[in-house]
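Read the structure below first, then the notes.
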Amino acid sequence: LKSQFFANISHEFRTPLTLIIGPVEQLWSKTKRVAWKHQLNLVLRNARYLQTLINQLLDFAKLEAGGMSLRAQETDLVQFVKRIVASFMSLAERQHISLRFESAETVISCYVDHDKFSKIITNLLSNAFKFTPNGGVIVVSIEKTEQQKVNLRVEDNGIGIAKHQQYKIFDRFYQSPDVKTSGQLGTGIGLAFAKEMVELHRGSIAVESEPGVGSTFI
Ligand code: ADP
(Lines give C-alpha, C1' and ligand atoms only; values in the text may rest on other atoms or scores of the structure.)
Protein backbone atom coordinates (compact mmCIF):
# COMPACT_ATOMS: atom_id res chain seq x y z
CA LEU A 1 0.00 0.00 0.00
CA LYS A 2 2.87 2.35 0.87
CA SER A 3 4.57 1.77 -2.49
CA GLN A 4 1.29 2.18 -4.30
CA PHE A 5 0.65 5.45 -2.46
CA PHE A 6 4.12 6.79 -3.33
CA ALA A 7 3.68 5.77 -6.94
CA ASN A 8 0.29 7.51 -7.11
CA ILE A 9 1.37 10.80 -5.56
CA SER A 10 4.59 11.03 -7.56
CA HIS A 11 2.56 10.43 -10.67
CA GLU A 12 0.08 13.14 -9.68
CA PHE A 13 2.94 15.60 -9.02
CA ARG A 14 4.55 14.96 -12.37
CA THR A 15 1.83 16.28 -14.65
CA PRO A 16 1.43 19.79 -13.17
CA LEU A 17 5.19 20.10 -12.92
CA THR A 18 5.57 19.34 -16.63
CA LEU A 19 2.90 21.97 -17.30
CA ILE A 20 4.90 24.50 -15.27
CA ILE A 21 8.25 23.76 -16.92
CA GLY A 22 6.95 24.00 -20.51
CA PRO A 23 5.59 27.59 -20.32
CA VAL A 24 8.57 28.78 -18.22
CA GLU A 25 10.91 27.45 -20.91
CA GLN A 26 8.91 29.38 -23.51
CA LEU A 27 9.07 32.58 -21.45
CA TRP A 28 12.80 32.06 -20.99
CA SER A 29 13.45 31.77 -24.71
CA LYS A 30 11.19 34.76 -25.58
CA THR A 31 12.39 37.33 -23.09
CA LYS A 32 15.41 39.51 -23.80
CA ARG A 33 15.58 41.01 -20.32
CA VAL A 34 18.62 39.67 -18.53
CA ALA A 35 17.10 40.06 -15.04
CA TRP A 36 14.05 38.05 -16.09
CA LYS A 37 16.20 35.37 -17.70
CA HIS A 38 18.07 35.08 -14.44
CA GLN A 39 14.87 34.65 -12.41
CA LEU A 40 13.38 32.21 -14.91
CA ASN A 41 16.61 30.22 -14.81
CA LEU A 42 16.16 29.83 -11.07
CA VAL A 43 12.57 28.67 -11.54
CA LEU A 44 13.65 26.17 -14.20
CA ARG A 45 16.59 24.81 -12.26
CA ASN A 46 14.47 24.17 -9.18
CA ALA A 47 11.52 22.80 -11.14
CA ARG A 48 13.87 20.37 -12.89
CA TYR A 49 15.39 19.36 -9.58
CA LEU A 50 11.90 18.66 -8.25
CA GLN A 51 11.19 16.67 -11.40
CA THR A 52 14.30 14.53 -10.83
CA LEU A 53 13.28 13.86 -7.23
CA ILE A 54 9.77 12.89 -8.23
CA ASN A 55 11.03 10.61 -10.99
CA GLN A 56 13.41 9.02 -8.50
CA LEU A 57 10.58 8.46 -6.04
CA LEU A 58 8.42 6.94 -8.76
CA ASP A 59 11.23 4.60 -9.85
CA PHE A 60 11.86 3.63 -6.28
CA ALA A 61 8.19 2.84 -5.65
CA LYS A 62 8.16 0.73 -8.81
CA LEU A 63 11.26 -1.09 -7.68
CA GLU A 64 9.76 -1.77 -4.23
CA ALA A 65 6.61 -3.13 -5.81
CA GLY A 66 8.79 -5.51 -7.84
CA GLY A 67 7.62 -3.96 -11.08
CA MET A 68 11.03 -3.33 -12.63
CA SER A 69 12.49 -5.57 -15.25
CA LEU A 70 15.58 -5.28 -17.39
CA ARG A 71 15.15 -4.24 -21.01
CA ALA A 72 18.70 -4.79 -22.16
CA GLN A 73 19.94 -4.11 -25.65
CA GLU A 74 23.35 -4.39 -27.28
CA THR A 75 25.15 -1.10 -26.74
CA ASP A 76 28.54 0.47 -27.27
CA LEU A 77 29.30 1.52 -23.71
CA VAL A 78 32.09 3.89 -24.72
CA GLN A 79 29.75 6.11 -26.74
CA PHE A 80 26.90 5.65 -24.27
CA VAL A 81 28.88 6.73 -21.20
CA LYS A 82 30.68 9.50 -23.12
CA ARG A 83 27.33 11.05 -24.06
CA ILE A 84 26.11 11.07 -20.44
CA VAL A 85 29.37 12.61 -19.25
CA ALA A 86 29.04 15.29 -21.96
CA SER A 87 25.60 16.23 -20.61
CA PHE A 88 27.32 17.23 -17.33
CA MET A 89 29.82 19.57 -19.03
CA SER A 90 27.87 22.78 -18.48
CA LEU A 91 27.46 21.92 -14.78
CA ALA A 92 31.21 21.26 -14.63
CA GLU A 93 31.92 24.67 -16.14
CA ARG A 94 29.55 26.37 -13.70
CA GLN A 95 31.29 24.70 -10.74
CA HIS A 96 34.81 25.13 -12.20
CA ILE A 97 35.29 21.38 -12.03
CA SER A 98 37.45 19.53 -14.50
CA LEU A 99 35.35 16.63 -15.83
CA ARG A 100 37.05 13.91 -17.91
CA PHE A 101 36.04 10.71 -19.62
CA GLU A 102 38.65 7.99 -20.18
CA SER A 103 38.62 4.70 -22.06
CA ALA A 104 41.53 2.77 -23.53
CA GLU A 105 39.13 0.99 -25.93
CA THR A 106 37.23 2.74 -28.68
CA VAL A 107 34.30 0.29 -28.52
CA ILE A 108 33.01 -1.86 -25.65
CA SER A 109 29.98 -3.84 -26.68
CA CYS A 110 27.67 -4.90 -23.88
CA TYR A 111 24.01 -5.56 -23.05
CA VAL A 112 22.47 -2.80 -20.92
CA ASP A 113 19.09 -1.28 -20.19
CA HIS A 114 19.55 2.29 -21.47
CA ASP A 115 17.18 4.00 -19.06
CA LYS A 116 18.41 2.18 -15.96
CA PHE A 117 22.09 2.27 -16.85
CA SER A 118 22.01 6.00 -17.49
CA LYS A 119 20.33 6.47 -14.09
CA ILE A 120 23.21 4.63 -12.40
CA ILE A 121 25.79 6.94 -13.99
CA THR A 122 23.70 10.07 -13.48
CA ASN A 123 23.28 9.27 -9.79
CA LEU A 124 27.00 8.68 -9.26
CA LEU A 125 27.94 11.78 -11.22
CA SER A 126 25.39 13.98 -9.43
CA ASN A 127 26.87 12.86 -6.10
CA ALA A 128 30.41 13.51 -7.32
CA PHE A 129 29.36 17.07 -8.23
CA LYS A 130 27.55 17.53 -4.93
CA PHE A 131 30.53 16.50 -2.82
CA THR A 132 33.42 18.00 -4.80
CA PRO A 133 34.31 21.64 -4.18
CA ASN A 134 35.02 24.19 -6.90
CA GLY A 135 38.30 23.56 -8.68
CA GLY A 136 38.01 19.78 -8.17
CA VAL A 137 38.40 16.92 -10.63
CA ILE A 138 35.90 14.23 -11.63
CA VAL A 139 36.93 11.34 -13.87
CA VAL A 140 34.62 8.72 -15.38
CA SER A 141 36.38 5.74 -16.92
CA ILE A 142 35.54 2.34 -18.34
CA GLU A 143 37.70 -0.69 -18.97
CA LYS A 144 37.26 -4.31 -19.99
CA THR A 145 38.53 -6.89 -17.52
CA GLU A 146 40.11 -10.24 -18.36
CA GLN A 147 36.97 -11.99 -17.09
CA GLN A 148 34.89 -10.48 -19.89
CA LYS A 149 33.45 -7.94 -17.48
CA VAL A 150 33.40 -4.16 -17.59
CA ASN A 151 34.55 -1.86 -14.82
CA LEU A 152 33.00 1.58 -14.70
CA ARG A 153 34.55 4.09 -12.31
CA VAL A 154 33.31 7.45 -11.14
CA GLU A 155 36.13 9.14 -9.27
CA ASP A 156 36.24 12.50 -7.52
CA ASN A 157 38.71 14.36 -5.33
CA GLY A 158 36.01 15.80 -3.09
CA ILE A 159 35.24 15.54 0.62
CA GLY A 160 35.39 11.71 0.75
CA ILE A 161 33.52 9.35 3.07
CA ALA A 162 34.65 8.16 6.51
CA LYS A 163 35.38 4.40 6.80
CA HIS A 164 32.60 3.79 9.34
CA GLN A 165 30.04 5.33 6.96
CA GLN A 166 31.11 3.57 3.78
CA TYR A 167 29.11 0.40 4.38
CA LYS A 168 25.93 2.40 5.12
CA ILE A 169 25.80 4.67 2.11
CA PHE A 170 24.09 2.07 -0.09
CA ASP A 171 21.27 1.69 2.44
CA ARG A 172 17.93 3.29 1.71
CA PHE A 173 17.47 6.78 3.16
CA TYR A 174 21.02 6.94 4.55
CA GLN A 175 22.73 10.35 4.50
CA SER A 176 25.88 11.13 6.42
CA PRO A 177 25.12 13.31 9.50
CA ASP A 178 27.33 16.18 8.24
CA VAL A 179 25.46 16.18 4.92
CA LYS A 180 22.16 16.54 6.76
CA THR A 181 23.42 19.49 8.79
CA SER A 182 25.19 21.21 5.87
CA GLY A 183 21.83 21.91 4.23
CA GLN A 184 22.95 19.92 1.16
CA LEU A 185 19.95 18.67 -0.82
CA GLY A 186 19.27 14.96 -1.11
CA THR A 187 16.97 12.12 -0.18
CA GLY A 188 19.37 9.30 0.64
CA ILE A 189 17.84 7.01 -1.98
CA GLY A 190 20.26 7.75 -4.84
CA LEU A 191 22.88 5.12 -4.05
CA ALA A 192 20.37 2.52 -2.82
CA PHE A 193 18.60 2.94 -6.14
CA ALA A 194 21.86 2.80 -8.12
CA LYS A 195 22.82 -0.42 -6.30
CA GLU A 196 19.49 -2.06 -7.17
CA MET A 197 19.91 -1.00 -10.81
CA VAL A 198 23.46 -2.40 -10.89
CA GLU A 199 22.27 -5.70 -9.41
CA LEU A 200 19.44 -5.87 -11.92
CA HIS A 201 22.28 -5.84 -14.51
CA ARG A 202 23.94 -8.68 -12.50
CA GLY A 203 26.79 -6.39 -11.51
CA SER A 204 28.11 -5.15 -8.21
CA ILE A 205 28.97 -1.72 -6.84
CA ALA A 206 31.55 -0.69 -4.24
CA VAL A 207 33.23 2.42 -2.93
CA GLU A 208 36.82 3.29 -2.06
CA SER A 209 37.23 6.54 -0.23
CA GLU A 210 39.45 8.58 2.04
CA PRO A 211 38.10 11.65 3.84
CA GLY A 212 39.55 14.83 2.37
CA VAL A 213 41.07 12.92 -0.56
CA GLY A 214 38.07 11.77 -2.57
CA SER A 215 35.84 8.85 -3.52
CA THR A 216 35.82 6.24 -6.25
CA PHE A 217 32.65 4.30 -7.05
CA ILE A 218 33.33 1.12 -9.05
P1 ADP B 1 21.71 11.64 -1.37
O2 ADP B 1 20.46 11.78 -2.16
O3 ADP B 1 21.60 12.17 0.01
O4 ADP B 1 22.94 12.11 -2.10
P5 ADP B 1 22.78 9.03 -1.80
O6 ADP B 1 22.17 7.70 -1.53
O7 ADP B 1 23.05 9.37 -3.21
O8 ADP B 1 21.83 10.08 -1.13
O9 ADP B 1 24.13 9.14 -0.98
C10 ADP B 1 24.17 8.76 0.39
C11 ADP B 1 25.31 9.44 1.13
O12 ADP B 1 26.56 8.97 0.63
C13 ADP B 1 25.37 10.95 0.94
O14 ADP B 1 24.52 11.62 1.85
C15 ADP B 1 26.84 11.23 1.21
O16 ADP B 1 27.08 11.28 2.60
C17 ADP B 1 27.55 9.98 0.69
N18 ADP B 1 28.14 10.16 -0.67
C19 ADP B 1 27.65 9.68 -1.83
N20 ADP B 1 28.46 9.98 -2.86
C21 ADP B 1 29.49 10.67 -2.36
C22 ADP B 1 30.68 11.26 -2.91
N23 ADP B 1 30.95 11.20 -4.23
N24 ADP B 1 31.52 11.90 -2.07
C25 ADP B 1 31.27 11.96 -0.74
N26 ADP B 1 30.17 11.43 -0.15
C27 ADP B 1 29.29 10.79 -0.94
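The values are calculated or read from the model by the stated rules, or taken from the named source; none is laboratory data. All values reported here derive from a predicted model rather than from experimental measurement. As a convention, Cβ positions derive from the backbone with ideal geometry for all residues, glycine included, and neighbour counts pool all protein chains shown. Ligands, DNA and RNA are stripped out before the accessible areas are found, and what is left, the full protein with its side chains, is counted by its heavy atoms. Shrake-Rupley method; radii C 1.70, N 1.55, O 1.52, S 1.80 Å.
Observations on the model:
- Options 20, 55, 67, ranked by Cα towards positive dipole end of the chain, top entry (Cβ charges): 20
- FRET efficiency for residue 143 and residue 91, using Cβ-Cβ distance with R0 set to 22 Å, rounded to 0.05: 0.30
- Here residue 28 and residue 71 are evaluated by their C-beta separation; at R0 = 41 Å the FRET efficiency comes out at 0.75.
- Among beta bridges from DSSP that stay inside the chain, the antiparallel ones total about 75%.
- Loop-resident trypsin sites (Lys or Arg not before Pro) (DSSP state other than H, G, I, E or B) in segment 2-65 with no more than 11 further Cβ atoms inside 10 Å of their Cβ: 32, 33.
- Scanning the chain for DSSP H helices at least 18 Å long along the axis (C-alpha atoms) with a Kyte-Doolittle mean no lower than -1.0 picks out 2-30, 34-64, 114-130.
- Three principal axis lengths of the chain [C-alpha, angstrom, descending]: 55, 45, 39
- Net charge dipole size for the chain [Lys, Arg +1 and Asp, Glu -1 on Cβ; Debye, nearest 20]: 840 debye
- For the chain, carbon and sulfur atoms together expose 55% of the accessible surface, with a 1.4 angstrom probe and every protein chain in place.
- Spacing of the two label points (7 Å from each Cα toward its C-beta) at residue 162 and residue 150, in nm: 3.7 nm
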